Ligand SMILES: Nc1ncnc2c1ncn2[C@@H]1O[C@H](COP(=O)(O)OP(=O)(O)OP(=O)(O)O)[C@@H](O)[C@H]1O
Ligand SMILES: [Mg+2]
């Protein structure tokens with residue numbers, strides 16, 4: 001068992017020398033979470049905008065369900081995806097279980113509701129301001145939704161970063177559907193869990209430091225964007 | 001809020017007015033009544049929280065020229081403008097433009113400049129481009145029209161700047177440029193020159209006059225009595241949601257007949 005100081009020393013050594021294993025895990029993590037984020041934005045931003053510009057019967061219920069889905073436990077999502085992708089499941093024939101694709105699907109299900117719900121909140125505020133002007137222009141709801149996304153872009157980047165942060169830090173779903181297979185589906189969070197239980201604290205800590213730096217970087221980027229938007233009076 | 005005002009019954013025939021005849025403009029001829037700028041309002045009422053905010057029994061505006069709408073703060077001028085543009089649905093009543101019921105079709109030929117300009121979070125040019133694109137103009141036509149409109153309100157040097165960094169008066173000028181860009185048949189202005197410097201006020205008034213001369217019906221809310229005198233063909237004076245007086249400008253400024261309009265022009269507050 002290494003002591004705390006030695007673990008830190010090893011962690012910095014691994015990072016500084018660009019350990020192959022470490023780099024591979026970090027890159028896969030980023031690839032999976034960015035893919036999930038891209039899909040979530042493609043689904044969540046139009047959905048959020050649509051919920052704002054299009055009143056329909058039962059919209060309140062849809063919004064409530066969406067807000068509740070923001071708090072879904074990742075393991076439950078992992079379990080549901082596992083059941084659909086496992087050999088006996090409805091989509092078992094795709095053979096996706098224990099692949100990065102399965103992890104992307106699980107993370108997308110996890111953060112798409114978050115992106116949609118937060119986007120709806122951001123765009124709703126904008127829409128109360130634009131609503132009458134848009135109706136005066138006589139623009140279609142589709143165009144109104146698109147314009148909201150464009151004009152709310154800075155707020156939405158913050159939304160996307162929140163979704164990314166949640167995806168990249170999540171462990172429950174990816175470990176169930178990915179299986180934490182070395183060189184294939186091992187990402188930062190699952191590797192940290194494994195290395196810690198194996199007692200390889202240096203590797204675990206190195207990954208932990210990188211994960212925290214990513215979270216910090218994401219938040220700094222969000223703050224920087226917000227400041228820039230405010231300077232340009234776009235916020 | 002309903003998208004449009006859908007009449008449930010045919011418009012009632014214009015009834016002879018109860019007020020003294022001199023306080024009313026002569027009814028427009030049948031030919032004028034069919035023009036898109038001819039507003040007709042019958043039995044219009046808007047209630048909110050147990051208050052009747054707008055209550056206009058009958059009003060017919062001439063199809064062309066400039067109608068100035070005046071009245072104290074809270075008289076219901078802005079609500080009236082939004083009602084006739086079809087942005088809010090009345091509690092009762094009938095509104096038509098050139099005998100077409102007020103709705104999306106009439107709104108498409110009109111432009112409203114709001115009391116507080118609502119500018120998109122984009123560049124000045126992109127704000128004008130947005131409405132033109134929604135009207136389906138080609139890219140080349142949009143670019144040309146955009147440059148033309150910005151030059152007309154003296155904002156051509158600001159085309160690339162974020163619209164929300166413009167000064168208050170510049171924002172109003174942009175809102176006007178954007179409204180005129182679609183070449184509306186009816187131009188609705190809610191205190192569109194309220195925060196402009198004197199030279200800009202005159203420049204805007206010239207643009208408005210030009211538009212009116214080119215056939216656009218202008219309905220203009222103002223608190224600036226001098227401006228009303230300069231622009232008005234007729235004046236509609238609102239007091240507590242009612243049309244206290246609607247007369248040709250010359251007569252109105254010679255001596256208003258309603259106590260409320262007289263008080264307003266003299267600078268007294270009548271409650
Ligand atoms: N949604 C609403 N609910 C309740 N009252 C309202 C609502 N909108 C406006 N009012 C009230 O209706 C009255 C008329 O408002 P309006 O904005 O038309 O005034 P205005 O004549 O344009 O005044 P100003 O000269 O200050 O612009 C005001 O007393 C206002 O408080
Ligand atoms: Mg007003």
> Can you tell me which of B:36, B:62 is in contact with a helix residue (DSSP H, G or I) (Cβ under 7 Å, 6 or more places away or on another chain), more than 10 Å from ligand 1 (Cβ to nearest atom) and either assigned by TED's automatic domain parsing to the domain that holds residue B:231 or not in a strand (DSSP E or B) (or both)?
Replying inline: B:62
> Pick from segment A:135-152 the residues that are at the interface with chain B (Cβ under 9 Å from one of its Cβ atoms) and in contact (Cβ under 8 Å) with a residue 24 or more places away in the chain: which of them is farthest from residue A:41 (Cα to Cα)?
Replying inline: A:151
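Here is a check on your reading of the model: is residue B:178 within 14 Å of chain A (Cβ to nearest Cβ), more than 12 Å from the chain's Cα centre (by Cα) and within 26 Å of residue B:106 (Cβ to Cβ)?
Details: within 14 Å of chain A (Cβ to nearest Cβ): yes; more than 12 Å from the chain's Cα centre (by Cα): yes; within 26 Å of residue B:106 (Cβ to Cβ): yes.
Here the answer is yes, as residue B:178 does meet what is asked.
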> Which condition number does residue B:87 fail, the rest of (1) more than 16 Å from ligand 2 (Cβ to nearest atom); (2) at pLDDT 95 or above being met?
Replying inline: (1)
> residue B:115: at negative phi, within 14 Å of chain A (Cβ to nearest Cβ) and away from ligand 1 (no atom under 13 Å from the Cβ), yes or no?
Replying inline: no
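So is residue B:268 under 21 Å from residue B:37 (Cβ atoms), away from ligand 2 (no atom under 16 Å from the Cβ) and more than 14 Å from the chain's Cα centre (by Cα) or not? Write out each step before concluding.
Values: under 21 Å from residue B:37 (Cβ atoms): no; away from ligand 2 (no atom under 16 Å from the Cβ): yes; more than 14 Å from the chain's Cα centre (by Cα): yes.
Spelling it out, it is not the case that residue B:268 is under 21 Å from residue B:37 (Cβ atoms), away from ligand 2 (no atom under 16 Å from the Cβ) and more than 14 Å from the chain's Cα centre (by Cα).
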> Of the conditions (1) within 16 Å of ligand 2 (Cβ to nearest atom); (2) modelled with pLDDT under 95; (3) surrounded by 15 or more Cβ atoms within 10 Å (Cβ to Cβ), residue B:48 fails just one. Which one is it?
Replying inline: (3)
> Tally time: how many residues in segment B:65-104 are on the phi < 0 side of the Ramachandran plot, within 9 Å of chain A (Cβ to nearest Cβ) and more than 9 Å from ligand 1 (Cβ to nearest atom)?
Replying inline: 3
> Out of all the residues in segment B:116-134, which are buried (at least 17 other Cβ atoms within 10 Å of the Cβ) and in a loop (DSSP other than H, G, I, E, B)?
Replying inline: B:117, B:118, B:119, B:120, B:121, B:122
> Scanning for something in contact with a strand residue (DSSP E or B) (Cβ under 7 Å, 6 or more places away or on another chain), away from ligand 1 (no atom under 16 Å from the Cβ), within 25 Å of residue B:183 (Cβ to Cβ) and part of a strand (DSSP E or B), does segment B:41-50 turn up at least one residue?
Replying inline: no
>> Taking the condition of being within 16 Å of ligand 2 (Cβ to nearest atom) and either within 17 Å of residue B:129 (Cα to Cα) or assigned to a loop (DSSP other than H, G, I, E, B) (or both), how many residues in segment B:157-208 meet it?
In response: 7
>> Checking the condition more than 22 Å from the chain's Cα centre (by Cα) and under 23 Å from residue A:128 (Cβ atoms), which residue from B:104, B:117, B:162 passes?
In response: B:162
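From the list B:134, B:126, pick out the single residue that is farther than 20 Å from residue B:191 by Cβ and at pLDDT 95 or above.
Working: B:134 fails: at pLDDT 95 or above.
After applying the criteria, what remains is B:126.
With the condition kept exactly as written, say whether any residue in segment A:193-213 is free of Cβ contacts under 8 Å to residues at least 12 places away in the same chain, surrounded by fewer than 23 Cβ atoms within 10 Å (Cβ to Cβ) and within 17 Å of the chain's Cα centre (by Cα).
Among the residues of segment A:193-213, at least one is free of Cβ contacts under 8 Å to residues at least 12 places away in the same chain, surrounded by fewer than 23 Cβ atoms within 10 Å (Cβ to Cβ) and within 17 Å of the chain's Cα centre (by Cα), which makes the answer yes.
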> Which of the residues belonging to segment A:214-234 are without any contact (Cβ under 8 Å) to a residue 60 or more places away in the chain and assigned to a loop (DSSP other than H, G, I, E, B)?
Replying inline: A:232, A:233
>> For the condition under 25 Å from residue A:27 (Cβ atoms) and at pLDDT 95 or above, what is the one hit in A:109, A:123, A:118?
In response: A:109
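The rows are residues; the columns are (1) more than 16 Å from ligand 1 (Cβ to nearest atom); (2) assigned by TED's automatic domain parsing to the domain that holds residue B:72.
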residue	(1), (2)
B:143	yes, no
B:165	yes, no
B:168	no, no
B:199	yes, yes
>> Please verify whether residue B:189 is within 15 Å of residue B:77 (Cα to Cα), within 14 Å of chain A (Cβ to nearest Cβ), within 15 Å of ligand 1 (Cβ to nearest atom) and modelled with pLDDT of 95 or more, treating the condition exactly as stated.
In response: yes
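The values are calculated or read from the model by the stated rules, or taken from the named source; none is laboratory data. These figures come from a predicted structure and were not determined experimentally. Positions of Cβ are generated from backbone atoms using ideal geometry, with glycine treated the same way; all protein chains shown enter the neighbour counts.
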